[in-house]
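Accompanying notes for the structure given below.
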Amino acid sequence: MHSLRHLVLVLGDQLDLHAAAFDGFDAAQDAVWMAEVAQESTHVWSSKPRTVMFLAAMRHFAKALREAGRTVHYTALDQADNRGSLAAQLQADLARLQPQGLVLTAPGDWRVLQTLKATAHSLALPLDIREDRHFFCSVREFAAHAKARKSLRMEYFYREMRKRHQVLMAADAPDQPEGGQWNFDADNREAFGPQGPGAVPPRTAFAPDDITREVITLVQQRLADHPGQLASFAWPVTREQALVALQAFVAERLPHFGPYQDAMWPGQPWLYHAHLSAALNLKLLNPREVVAAAVDAYRAGTTPLASVEGFVRQILGWREYVRGIYWTRMPDYAELNALNAQEDLPAWYWTGATDMACLRDAIGQTLEHGYAHHIQRLMVTGLFALMYGVQPQQVHAWYLAVYVDAVEWVELPNTIGMSQYADGGLMASKPYVATGKYIQRMSPYCKGCKYDPAQRTGPKACPFTTLYWDFLLQHESQLAHNPRMALQVKNVVRLDGPQRLAIQAQALAIRSGQVT
Ligand SMILES: Cc1cc2nc3c(=O)[nH]c(=O)nc-3n(C[C@H](O)[C@H](O)[C@H](O)COP(=O)(O)OP(=O)(O)OC[C@H]3O[C@@H](n4cnc5c(N)ncnc54)[C@H](O)[C@@H]3O)c2cc1C
Ligand code: SF4
């Protein structure tokens, strides 16, 4: 047997034939290692759609590698000698394969990086960790950006990225934004009128092939007690499918993405969003090609600038920003709890069994498809958990479990920082809190709900509205220092004693499960 030079480790979210770990790959001397391990679905609780997403994409990628002539040492979840964890599986395989060294693209997950480093170290094996090229901004560049500032704000980072990568910049003035404006956010907050979202294009669906069907059966058997359903699983699990999904999005949805990105409509999970986050996070797509496709649509005159800029901001701005926050703040970031929230996550987050129409729909579609769009995550499920006072680490565990796109580096700052304000204002300049009237403005949910968003106490009081006032009462002194909360705090100061007591009593009823 000839000796193995490099074993290239490929994780479930590193599925790109051109990843840095493959630079210099020599099929005659090198091989690839991939493993499906139960720990990755149980260490963090993982829903059925999320697990199928990862395993189906991994198996298709292993097939593509073999078709490209690369040897792949692959351990399947149901293999008899599966060791159950990344470290144990790798150790067992290294003892058998005896490579001279390991090569790895930098993992997205802090815990996984520590595990792999420790494994290589314990065996005195060289581990060559290469920069992940699937981002516009390296961790080092982000750290330099952060160091130069007293406080971090996404908007300034985003402008820097636009300039550095010359994305949507004016042709005749490379330091000026296209259209004379950096940000079209003010144009991008429309709700649908009473007639609804119109003829929303059907979801770009990919019927499961033999490989994916096998994975679905496996997950149904092995992870039967995990949340989520698989009947409608139709996510892109190969690069080819992801490219089709990207083209369809740009042609059919992007023109309406901007104005309606915050809007919600009952029974309509897909609307004008991209549904590309899982393909991006698993590296089936590169964000550069996604941004380029959107910008091309603007240059071709088929899509308005407000939609393209709004979309580019999500990818070149928010996505890169949260990654920078994650890698410059971990591991402490995961433990933050600035508001000292200690409640347990209500059990109905795992079933959707609640009378609150907005939450029932958002959680229902989450369990059905492993998907909800950003405003449903931030201003429905996230908002409720924040104002209810759920311990942020439990909220984090829920978000990491339920979405097909959930990977820690992007999920954690969105949850701990943006949604739960547990980092005390690093990600968001103020807590995103609102009464039920916000949901009423952005959707028709309240019309079909037994609660009334205008009432904060009494049998018909909307729990969002009650909890909003209770949140302000609880955190009044802390929030008084935040100029962006001044107006809200002023309103709470006006409440008299009996009003305060009534709100607190109603909030207690919600937290004790009498209102669901
Ligand atoms: C509490 C919470 C948890 C979240 N967890 C995740 C997660 O685990 N994985 C994940 O990819 N996104 C997460 N997001 C961000 C965002 O909600 C999803 O990226 C988006 O809903 C995915 O759907 P889409 O592809 O249709 O996105 P679109 O709305 O069409 O947006 C386009 C793309 O922009 C990127 N994007 C948009 N918003 C964000 C954001 N805030 N942070 C990072 N990237 C963004 C995504 O790659 C997305 O595919 C979370 C948001 C919140 C509030
Ligand atoms: S009334 Fe409150 S709980 Fe009901 S749909 Fe509106 S915001 Fe949601």
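The values are calculated or read from the model by the stated rules, or taken from the named source; none is laboratory data. Owing to the predicted nature of the structure, the values given are computational and were not obtained by experimental measurement. Cβ: placed from backbone, ideal geometry, glycine included. Neighbour counts: every protein chain shown.
Could you please find all residues in segment 294-312 being among the small types (Gly, Ala, Ser), away from ligand 1 (no atom under 12 Å from the Cβ) and either touching a residue at least 12 places away in the same chain (Cβ under 8 Å) or within 30 Å of PHE22 (Cα to Cα) (or both)?
Once the filter is applied, which keeps residues that are among the small types (Gly, Ala, Ser), away from ligand 1 (no atom under 12 Å from the Cβ) and either touching a residue at least 12 places away in the same chain (Cβ under 8 Å) or within 30 Å of PHE22 (Cα to Cα) (or both), segment 294-312 yields ALA297, ALA306.
Output yes when any residue across segment 440-457 is over 25 Å from the mean Cα position of the chain (by Cα), over 28 Å from TRP265 (Cβ atoms) and not aromatic (Phe, Trp, Tyr), and no when none is.
We begin by selecting, within segment 440-457, every residue over 25 Å from the mean Cα position of the chain (by Cα); these are 444, 446-457.
Narrowing the set further to residues that are over 28 Å from TRP265 (Cβ atoms) leaves 457.
From what is left, the residues that are not aromatic (Phe, Trp, Tyr) are 457.
The answer is yes, given that some residue of segment 440-457 is over 25 Å from the mean Cα position of the chain (by Cα), over 28 Å from TRP265 (Cβ atoms) and not aromatic (Phe, Trp, Tyr).
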| remark: All-but-one check, THR212 against (1) at pLDDT 95 or above; (2) at negative phi; (3) in contact with an Asp or Glu (Cβ under 9 Å, 6 or more places away or on another chain), failing number (3)
| What tally of residues in segment 168-210 results from selecting those that are crowded, with 17+ Cβ neighbours inside 10 Å and not in a loop (DSSP other than H, G, I, E, B)? | 2
| Where in segment 409-503 are there helices (runs of 4 or more DSSP H), lying wholly inside it, with at least 2 residues that are within 16 Å of ligand 2 (Cβ to nearest atom)? | 436-442, 463-474
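Yes or no, residue by residue, for (1) in contact (Cβ under 8 Å) with a residue 12 or more places away in the chain; (2) more than 20 Å from PHE311 (Cβ to Cβ):
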| site | (1), (2) |
| --- | --- |
| TYR156 | no, no |
| GLN166 | no, no |
| PRO177 | yes, no |
| TRP182 | yes, no |
| ASP187 | yes, no |
| VAL200 | yes, no |
| ARG203 | yes, no |
| PHE233 | yes, yes |
| field | Residues (part of a loop (DSSP other than H, G, I, E, B) and within 16 Å of ligand 2 (Cβ to nearest atom)) located in segment 340-372 | value | PRO346, GLY352, ALA353, THR354, ASP355, MET356, ALA372
| remark: Those residues of segment 67-84 which are small (Gly, Ala, Ser) and either under 12 Å from MET34 (Cα atoms) or not assigned by TED's automatic domain parsing to the domain that holds VAL44 (or both) amount to ALA76
| task | Could you list all residues from segment 387-399 that are buried (at least 24 other Cβ atoms within 10 Å of the Cβ) and within 16 Å of ligand 2 (Cβ to nearest atom)? | result | MET387
| query | Under 8 Å by Cβ, and 6 or more places apart or on different chains, what pairs join a residue from segment 212-223 that is outside the structural domain of ALA57 (by TED's automatic domain parsing) and surrounded by 15 or more Cβ atoms within 10 Å (Cβ to Cβ) with one that is polar (S, T, N, Q) and not in a helix (DSSP H, G or I)? | reply | LEU223/SER46
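Quick grid of which residues meet (1) among the aromatic types (Phe, Trp, Tyr); (2) touching a residue at least 60 places away in the same chain (Cβ under 8 Å); (3) part of a helix (DSSP H, G or I):
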{"position": "ALA62", "(1), (2), (3)": "no, no, yes"}
{"position": "ASP81", "(1), (2), (3)": "no, no, no"}
{"position": "GLY108", "(1), (2), (3)": "no, yes, no"}
{"position": "LEU113", "(1), (2), (3)": "no, no, yes"}
{"position": "LEU116", "(1), (2), (3)": "no, yes, yes"}
{"position": "PHE136", "(1), (2), (3)": "yes, yes, no"}
| query | Which one of these does TRP235 not meet: (1) over 22 Å from the mean Cα position of the chain (by Cα); (2) surrounded by 15 or more Cβ atoms within 10 Å (Cβ to Cβ)? | reply | (1)
| field | Among residues of segment 263-281, those that are near ligand 1 (Cβ under 10 Å from one of its atoms) and in a loop (DSSP other than H, G, I, E, B), counted | value | 8
| field | Out of ALA56, ALA92, sole residue that is surrounded by fewer than 17 Cβ atoms within 10 Å (Cβ to Cβ), not charged (D, E, K, R) and not in a strand (DSSP E or B) | value | ALA92
| query | Got at least one residue in segment 290-308 being of a type in the set (Asp, Glu), out of contact with any Lys or Arg (no Cβ under 8 Å at 6 or more places or on another chain) and buried (at least 22 other Cβ atoms within 10 Å of the Cβ)? | reply | no
| So is LYS490 under 25 Å from ILE375 (Cα atoms), among the charged types (D, E, K, R) and more than 16 Å from ligand 1 (Cβ to nearest atom) or not? | no
